[in-house]
Every structure is written in C-alpha cells, then in structure tokens.
Amino acid sequence: MVNITKEFPGIIANDNITLNLKRGEVHALLGENGAGKSTLMSVLFGLYQAEKGEIRKNGKVVKINNPNDANALGIGMVHQHFKLVEIFTVLENIILGVEPNTMGFLQKADARKKVVELSEKYGLKVNPDAVIEKISVGMQQRVEILKMLYRDNEILIFDEPTAVLTPQEIEELLQIMRGFADEGKSILFITHKLHEIMQVADRCTVLRKGKYIGTVDVKDT
C-alpha cells in the first residue's frame with residue numbers, strides 16, 4: 001500500500017500511509033482506537049476506496065473495488081464483528097458466494113470434504129452442519145478463518161481477532177496465525193495488545209491519529 005489517504009467528512013482517517021507486507025510474515029498494526037488501522041485494512045479489502053495512493057501486489061498496481069476483487073487477488077479478512085449469516089450452517093457460510101450456480105449433491109459433498117480437510121489441517125475443528133447462531137463466538141471466528149482458507153487466500157487480515165476470545169482461544173489463534181506465516185501466507189494483525197505482538201509478530205507498524213509513525217522488527221525491540 002503506497003501513500004494511501006482515506007478521508008471521511010471532517011476527518012482524515014489515513015494520511016499518506018505506506019505499508020509493505022512480506023511473504024510469510026505476521027505484520028502487526030498497532031495503535032489506539034481511531035488510529036486508522038481498521039480503515040486502512042478496509043481499503044485493502046475493498047470496503048473503502050482511498051482518495052489517494054495505490055495498492056500493489058508483487059510490484060504490480062491492482063484495483064480493489066470491492067471484497068470480491070480482494071478475494072480474487074488472494075486477500076481475505078476476518079472482521080472484528082463477524083459477517084456470518086446466523087441461520088445458515090457452518091458449511092453454507094463458508095461456501096456462500098463461491099458455490100457453483102447449480103449446487104448439486106456431489107458439489108456439496110466436495111465442498112464439505114474440502115472444509116473438513118482444511119479444519120483438520122489447521123486445527124480449526126468445526127461441525128459443518130452446525131447452525132451459526134447455536135455455536136460459540138470462538139467457533140464462529142473459526143468459520144470466518146475457514147472462509148478465507150476455502151478461497152485460497154494468501155494475505156489474511158485479522159481485525160482485533162482476540163477481543164472476543166477466551167485466554168485459551170487466544171493462545172490457539174496466535175499459534176494458528178504463526179503456522180499460516182510459516183507456510184508462506186502473509187498475515188496482517190490489527191491489535192492494541194503489545195504482549196500479543198511480542199508473541200507472534202515479525203514486524204509491527206505503528207499508526208497514530210491516522211498517520212504512519214514507523215515500522216520495527218519485533219525481535220529487535
């Protein structure tokens with residue numbers, strides 16, 4: 001992300017921010033509420049359009065008009081407030097929007113198989129037939145993560161992911177994020193908790209009142 005500026009009426013949420021993300025790293029975004037972290041990631045995911053600046057992937061300028069464009073570029077996002085359909089099952093939520101137009105029995109069986117394989121591979125065990133409104137918040141977050149993996153996303157954005165979790169769930173999530181990075185995925189981790197950054201992040205970028213303050217290697221701090 002190069003020289004990104006995003007404005008809302010009466011406020012500059014992101015003021016000429018540049019952010020570089022490396023393959024296979026956990027990159028934390030640190031700042032107080034209102035620093036511009038979620039806005040910047042919403043620009044990357046196509047929820048907002050920046051007034052200035054550009055987004056590049058592998059050196060090439062890309063245009064992200066909406067989340068579908070982001071997904072097509074391998075970018076996924078777990079929002080602080082989940083975007084699940086509560087009356088749908090886990091499986092229905094994961095494949096929503098990417099299921100074939102004629103979702104026959106065989107296609108659904110293949111989708112179920114892929115979801116089960118992903119959940120077992122990454123330690124994200126879920127019941128594909130469970131209805132969202134009847135499972136815990138921690139389980140719902142697993143569904144959001146599986147949605148990204150199902151779409152083969154390689155850049156994974158987590159917006160304050162530990163805010164709603166128990167201590168045990170937090171520990172499990174941080175280990176999962178580290179595992180994603182170790183296999184070559186790139187993680188953007190929005191947080192305001194320094195101890196979580198020290199535990200899992202490779203680099204950390206600090207934002208304050210919409211401005212870029214700096215980026216540091218966590219191991220050097």
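Read the figures in this text as sums done on the coordinates, not as results from a lab. All values reported here derive from a predicted model rather than from experimental measurement. Glycine gets a Cβ as well: all are built from the backbone with ideal geometry, and neighbour counts include every protein chain shown.
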Tell me which of Leu29, Gln168, Met198 sits at the most positive position along the dipole axis of the chain, charges placed on C-beta atoms (Lys, Arg +1; Asp, Glu -1).
Leu29
Explain nothing, just the number: relative contact order of segment 73-221, from Cα pairs under 8 Å at least 6 residues apart, as a whole percent.
26
Distance in nm between pseudo-label sites at Lys114 and Val216 (7 Å out along the Cβ direction from Cα)
4.2
If one takes the longest principal axis of the Cα atoms in the chain, at what angle in degrees, from 0 to 90 and to the nearest 10, does the Cα axis of helix 105-121 lie?
50
Inverse mean reciprocal Cα-Cα distance (Kirkwood Rh) of the chain, Å:
18.0
Explain nothing, just the number: relative contact order of segment 1-141, from Cα pairs under 8 Å at least 6 residues apart, as a whole percent.
19
Both in Å, the radius of gyration and Dmax of the C-alpha trace of segment 137-221 are 13.3, 35
As an exercise, identify the GluC sites (Glu not before Pro) in segment 35-122 lying in DSSP coil whose Cβ has no more than 16 other Cβ atoms within 10 Å.
Glu51, Glu86
If I build a Gaussian network model for the chain, linking alpha-carbon pairs within less than 10 angstrom, which residue out of Ile64, Ile87, Ile17 has the largest mean-square fluctuation?
Ile87
Simple Cβ-charge dipole of segment 18-133, Lys/Arg +1 and Asp/Glu -1, about Cα centre, in debye nearest 20
540
Lys/Arg Cβ at +1, Asp/Glu Cβ at -1, dipole of the chain taken about the Cα centre: which of Leu73, Met177, Gly97 is farthest positive-ward?
Leu73
Determine the dipole magnitude for the chain: charges of +1 sit on the beta-carbon of Lys and Arg, -1 on that of Asp and Glu, nothing else is charged, the reference point is the Cα centre, and the result goes in debye to the nearest 20.
480
Kindly express, to the nearest 10 degrees and within the range 0 to 90, the angle between helix 137-150's C-alpha long axis and the longest C-alpha principal axis of the chain.
90
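Excluding Val62 itself, what net charge comes from residues whose Cβ is under 10 Å from its Cβ, given Lys and Arg +1 and Asp and Glu -1?
In short, +2.
When the chain is fully extended, how far beyond the present Cα-Cα distance does Ala72 get from Lys121, taking 0.36 nm per residue of separation?
That pair, Ala72 and Lys121, stretches by 15.3 nm at full extension.
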Report, in deg cm²/dmol and to the nearest 500, the calculated mean residue ellipticity at 222 nm for the chain, where each DSSP H run with n ≥ 4 adds -39500 (n - 2.57) and the sum is divided by the residue count.
-10000 deg cm²/dmol
First obtain the Kirkwood hydrodynamic radius of segment 105-174 from its Cα pairs, then insert it into the Stokes-Einstein equation at 10 °C and 1.306 mPa s, and state the resulting D in µm² per second as a whole number.
122
Summing Lys, Arg as +1 and Asp, Glu as -1, what charge do residues with Cβ under 14 Å from the Cβ of Gln49 carry, Gln49 excluded?
-1
